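Trainee: Pasting in a structure now, in structure tokens, and then I'll have a few things to ask.
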Amino acid sequence: MGVVHRVTFQVLKGSKNVFVTTKSFFRAHSYSTKADGLLSDINVLDLTRVVAGPVCTMTLGDLGANVIKVESLDGDEARKWGPPFIKDSTDSYYFLCVNRNKKSICIDFKSQEGKKIVYDLARKCDVVVENFLPGKLDTLDIGYDKLKQFNKGIIYCAITGFGPTGPYRNKPGYDVIASAMGGLLNTTGERNGNPVKPGVAITDVTTGLHAFGAIMTALYYRNKTGKGQKIDCNLLSTQISSMINIANIYLNCGIEGQRWGTAHANLVPYQAFKTKDGDMVIGTGSNAQFADFCKLINKEELIADERFKDNAARVKNRDEIIRTISDVIITKTKKEWAEIFKGASFPNGPVNTMKDVFDDEHVKEIGLVKELPHSVAGKVKMVGPPTVYSEGGNLARTSPPLLGQHTIDILSNFLGYHDAKIEGLFKDRESVERVAVITLRPTRAQSRKKVVWTEDTVDNENMNKKKSKCQFLSLY
């Protein structure tokens, strides 16, 4: 198989499936201009997949870094995490959410020529981020010790499940595993109920953001000293550190965390309450806020009640006060309570569906939702970066790449390889045992070059085992 993969695109043309391998397609769907942004002079070699690593590199890309995502022919596993899938594509919307502002190149870095490309990329990149098992890339001769030979100032961030040391170091880790082993699931769920997984991969996301912060610190240190370094981040450590008050109370008092549903172990009231038409959350963090709340629900007598005189008393008498408040809140709708609580000193808000979230006037005004052009679907929507810089530059610029979309662009324009060298990295069609299939609309397959049909066929399912009736189209 070729060192650099020819990613084959499947075009629906009438009733036929037509496979296209074309350098002109890659060039037509590439971008090589330098991004604007606070990190526009930073190049990132992205060897990550799934969530934690891609969150880190996407955050760097949002700030303008040039992120080069290296993938195998099979691609990032998250591309297949569907349905739902992007329109006319085999890429999932799961992949879409954490891979904007990146370029994709397909490399077989198990081969010697593939390793040389990685070395060339490392020479020109400031940062490498990977999330393989500890030591895996060392066995492939593309780990930190090898890459720093080509770039002394390189910052190498390894994201793993459990870190490079300890008995779990070779254990694969996903978000839910770290959430379970790090204590989060044990403290999440209804009182006296079963452990519950959070609705999103919060451990992955926070690990990615920790890695981003660590990389920024290492870049600052390198700017002062000229020295690169290796950074180790792992899901388990991130999750344990995220247990904050629960972990600290256990370490100092020996008190185990409990499941409280939406309630808070140390603050009352601070939880969801049922209204006439759904749920809303109300929290009081001080006696003054509690008094304000009692006045607005016409329960001022609670303020002077000895059982509820301060937060410690309210925690002690939790069941009584929650029952009293619940009987009041259920008498009105979320909208009615929102109007009553307008301008209140205590935090409150409805429990929203995604439709509620994106229909909200405030969410619309702050402009979080971005619509970006996509090479296959036409346009896609996504939630953009949440942080706003006064100098600008934190932007959702480009939609996630197709698999290998920028292979030619990166080899030619970033690494400066000439066409003959690039051609030499591709073997003949007979050596392509499998193809990555991305369904394109016919308008995306147009080329000014003459189309030459061959008698070659490819297997649409098993690829390297049996032949199908699909024709192979080469536009080289």
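Trainee: Out of all the residues in the range 378-423, which are surrounded by fewer than 18 Cβ atoms within 10 Å (Cβ to Cβ), not in a loop (DSSP other than H, G, I, E, B) and not assigned by TED's automatic domain parsing to the domain that holds residue 122?
Mentor: Correct list: 413, 419, 420, 421, 422, 423.
Trainee: Another question, then. Only one of these is farther than 30 Å from residue 333 by Cα and small (Gly, Ala, Ser): 404, 349. Name it.
Mentor: Numbers: 349 fails: farther than 30 Å from residue 333 by Cα.
The match here is 404.
Trainee: A further question on this structure: If you scan the range 125-165, which residues turn out to be of a type in the set (Gly, Ala, Ser) and either crowded, with 20+ Cβ neighbours inside 10 Å or modelled with pLDDT under 95 (or both)? Steps first, please.
Mentor: Start the filter on the range 125-165 by keeping residues that are of a type in the set (Gly, Ala, Ser), which leaves 135, 143, 153, 158, 161, 163.
Selection gives 135, 143, 158, 161.
Trainee: Which residue pairs have Cβ atoms closer than 7 Å, lie 6 or more positions apart in sequence or on different chains, and pair a first residue in the range 256-268 that is surrounded by fewer than 16 Cβ atoms within 10 Å (Cβ to Cβ) with a second residue that is basic (Lys, Arg)?
Mentor: If the second residue must be basic (Lys, Arg), the pairs left are 261/191.
Trainee: If you don't mind, there's one more thing I want to ask. If I ask for residues that are in contact with a helix residue (DSSP H, G or I) (Cβ under 6 Å, 6 or more places away or on another chain) and farther than 12 Å from residue 345 by Cα, which ones from the range 280-306 would you list?
Mentor: 280, 297, 300, 302, 303
Trainee: May I ask you to list the residues in the range 134-170 that are of a type in the set (Lys, Arg) and in contact with a helix residue (DSSP H, G or I) (Cβ under 8 Å, 6 or more places away or on another chain)?
Mentor: Residues of the range 134-170 that are of a type in the set (Lys, Arg), as a first pass: 136, 146, 148, 152, 169.
146, the sole residue that qualifies.
Trainee: Turning to a different aspect of this structure: If I filter the range 169-192 for residues that are of a type in the set (S, T, N, Q), under 20 Å from residue 218 (Cβ atoms) and in a loop (DSSP other than H, G, I, E, B), do I get at least one hit? Walk me through how you get there before you give the answer.
Mentor: First, pick out the residues of the range 169-192 that are of a type in the set (S, T, N, Q): 170, 179, 186-188, 192.
From the residues that got through so far, the ones that are under 20 Å from residue 218 (Cβ atoms) too are none.
No: the range 169-192 contains no residue that is of a type in the set (S, T, N, Q), under 20 Å from residue 218 (Cβ atoms) and in a loop (DSSP other than H, G, I, E, B).
Trainee: Another question, if that's okay. So, in the range 299-315, how many residues would count as being over 45 Å from the mean Cα position of the chain (by Cα), surrounded by 15 or more Cβ atoms within 10 Å (Cβ to Cβ) and not in a loop (DSSP other than H, G, I, E, B)?
Mentor: The total comes to 2.
Trainee: With respect to residue 67, is the statement that it is surrounded by 23 or more Cβ atoms within 10 Å (Cβ to Cβ), of a type in the set (A, V, I, L, M, F, W, C) and out of contact with any strand residue (DSSP E or B) (no Cβ under 9 Å at 6 or more places or on another chain) true? Walk me through how you get there before you give the answer.
Mentor: On the way: surrounded by 23 or more Cβ atoms within 10 Å (Cβ to Cβ): yes; of a type in the set (A, V, I, L, M, F, W, C): yes; out of contact with any strand residue (DSSP E or B) (no Cβ under 9 Å at 6 or more places or on another chain): no.
For residue 67, the condition - surrounded by 23 or more Cβ atoms within 10 Å (Cβ to Cβ), of a type in the set (A, V, I, L, M, F, W, C) and out of contact with any strand residue (DSSP E or B) (no Cβ under 9 Å at 6 or more places or on another chain) - is not met.
Trainee: Looking at residue 240 and the list (1) at pLDDT 95 or above; (2) under 18 Å from the mean Cα position of the chain (by Cα), which single condition is not satisfied?
Mentor: (2)
Trainee: Just one of 231, 246 is part of a strand (DSSP E or B), outside the structural domain of residue 333 (by TED's automatic domain parsing) and buried (at least 17 other Cβ atoms within 10 Å of the Cβ); which is it? So that I can check it myself, show each step before the final result.
Mentor: Numbers: 246 fails: part of a strand (DSSP E or B).
None of the other options fit; the residue is 231.
Trainee: Follow-up question, since we're still on this one. Being surrounded by 16 or more Cβ atoms within 10 Å (Cβ to Cβ) and either touching an Asp or Glu at 6+ places or on another chain (Cβ under 7 Å) or assigned to a loop (DSSP other than H, G, I, E, B) (or both): is that true of residue 199 here?
Mentor: On the way: surrounded by 16 or more Cβ atoms within 10 Å (Cβ to Cβ): no; either touching an Asp or Glu at 6+ places or on another chain (Cβ under 7 Å) or assigned to a loop (DSSP other than H, G, I, E, B) (or both): yes.
No; evaluated as a whole, the condition is false for this residue.
Trainee: Okay, next question. Scan the range 277-293 for residues that are part of a loop (DSSP other than H, G, I, E, B) and either under 18 Å from residue 342 (Cβ atoms) or acidic (Asp, Glu) (or both) and report the count. Lay out the reasoning, then the answer.
Mentor: Step one: filter the range 277-293 for residues part of a loop (DSSP other than H, G, I, E, B), giving 277, 284-286.
From what's left, either under 18 Å from residue 342 (Cβ atoms) or acidic (Asp, Glu) (or both): 277, 284.
Number satisfying all stated conditions: 2.
Trainee: Does residue 299 satisfy the condition of being more than 30 Å from residue 184 (Cβ to Cβ), of a type outside the set (Val, Ile, Thr) and not assigned by TED's automatic domain parsing to the domain that holds residue 184? It would help to see each step written out before you state the result.
Mentor: Numbers: more than 30 Å from residue 184 (Cβ to Cβ): yes; of a type outside the set (Val, Ile, Thr): yes; not assigned by TED's automatic domain parsing to the domain that holds residue 184: yes.
For residue 299, the condition - more than 30 Å from residue 184 (Cβ to Cβ), of a type outside the set (Val, Ile, Thr) and not assigned by TED's automatic domain parsing to the domain that holds residue 184 - is met.
Trainee: Further, regarding this structure: For the range 316-355, name all the residues that are assigned to a loop (DSSP other than H, G, I, E, B) and within 38 Å of the chain's Cα centre (by Cα). Outline the logic, then answer.
Mentor: The first filter runs over the range 316-355 and keeps only residues assigned to a loop (DSSP other than H, G, I, E, B), leaving 317, 330-333, 341-347, 351-353.
Listed by number, the residues that qualify are 330, 333, 341, 342, 343, 344, 345, 346, 347, 351, 352, 353.
Trainee: For the range 151-158, check the following and say yes or no: at least one residue is under 17 Å from residue 237 (Cβ atoms) and touching a residue at least 12 places away in the same chain (Cβ under 8 Å).
Mentor: Restricting attention to the range 151-158, the residues satisfying the condition of being under 17 Å from residue 237 (Cβ atoms) are 157-158.
Right, trim to touching a residue at least 12 places away in the same chain (Cβ under 8 Å) and you get 157-158.
Yes, there is a match, as at least one residue in the range 151-158 is under 17 Å from residue 237 (Cβ atoms) and touching a residue at least 12 places away in the same chain (Cβ under 8 Å).
Trainee: Another question, then. Could you count how many residues in the range 370-427 are of a type in the set (D, E, K, R) and touching a Gly at 6+ places or on another chain (Cβ under 9 Å)? If you could, list the steps in order and put the result at the bottom.
Mentor: Step one: list which residues in the range 370-427 are of a type in the set (D, E, K, R), which gives 370-371, 379, 381, 391, 397, 409, 419, 421, 423, 427.
Add one more test, that the residue is touching a Gly at 6+ places or on another chain (Cβ under 9 Å), and what stays is 370, 397, 427.
Selection size over the range 370-427: 3.
Trainee: Something else about it: Do we have residue 365 as closer than 30 Å to residue 265 by Cα and part of a helix (DSSP H, G or I) here? Steps first, answer last, please.
Mentor: Numbers: closer than 30 Å to residue 265 by Cα: no; part of a helix (DSSP H, G or I): yes.
Judged against the criteria, residue 365 is not a match.
Trainee: Here are some conditions: (1) loosely packed, with under 15 Cβ neighbours inside 10 Å; (2) more than 29 Å from residue 382 (Cβ to Cβ); (3) out of contact with any Ser or Thr (no Cβ under 6 Å at 6 or more places or on another chain). Residue 276 meets all but one. Which one does it not meet?
Mentor: Only one criterion in (1) loosely packed, with under 15 Cβ neighbours inside 10 Å; (2) more than 29 Å from residue 382 (Cβ to Cβ); (3) out of contact with any Ser or Thr (no Cβ under 6 Å at 6 or more places or on another chain) is unmet by residue 276, namely (3).
Trainee: Any residue at all in the range 328-340 that is surrounded by fewer than 13 Cβ atoms within 10 Å (Cβ to Cβ) and acidic (Asp, Glu)?
Mentor: yes
Trainee: Here's another thing I want to ask about it. Pairs needed: first member in the range 317-335, free of Cβ contacts under 8 Å to residues at least 40 places away in the same chain and farther than 13 Å from residue 350 by Cα; second member anywhere, aliphatic (A, V, I, L, M) and crowded, with 17+ Cβ neighbours inside 10 Å; C-beta distance under 8 Å; at least 6 residues apart or different chains.
Mentor: 324/302; 328/297
Trainee: When both residues are 6+ apart or on different chains and their Cβ atoms are under 6 Å apart, which pairs have a first residue that lies in the range 217-232 and is within 12 Å of residue 158 (Cβ to Cβ), and a second that is among the aromatic types (Phe, Trp, Tyr) and surrounded by 11 or more Cβ atoms within 10 Å (Cβ to Cβ)?
Mentor: From the range 217-232, the pairs are 230/144; 230/156.
The values are calculated or read from the model by the stated rules, or taken from the named source; none is laboratory data. The structure presented is a predicted model; accordingly, all values stated were derived computationally and were not measured. Positions of Cβ are generated from backbone atoms using ideal geometry, with glycine treated the same way; all protein chains shown enter the neighbour counts.
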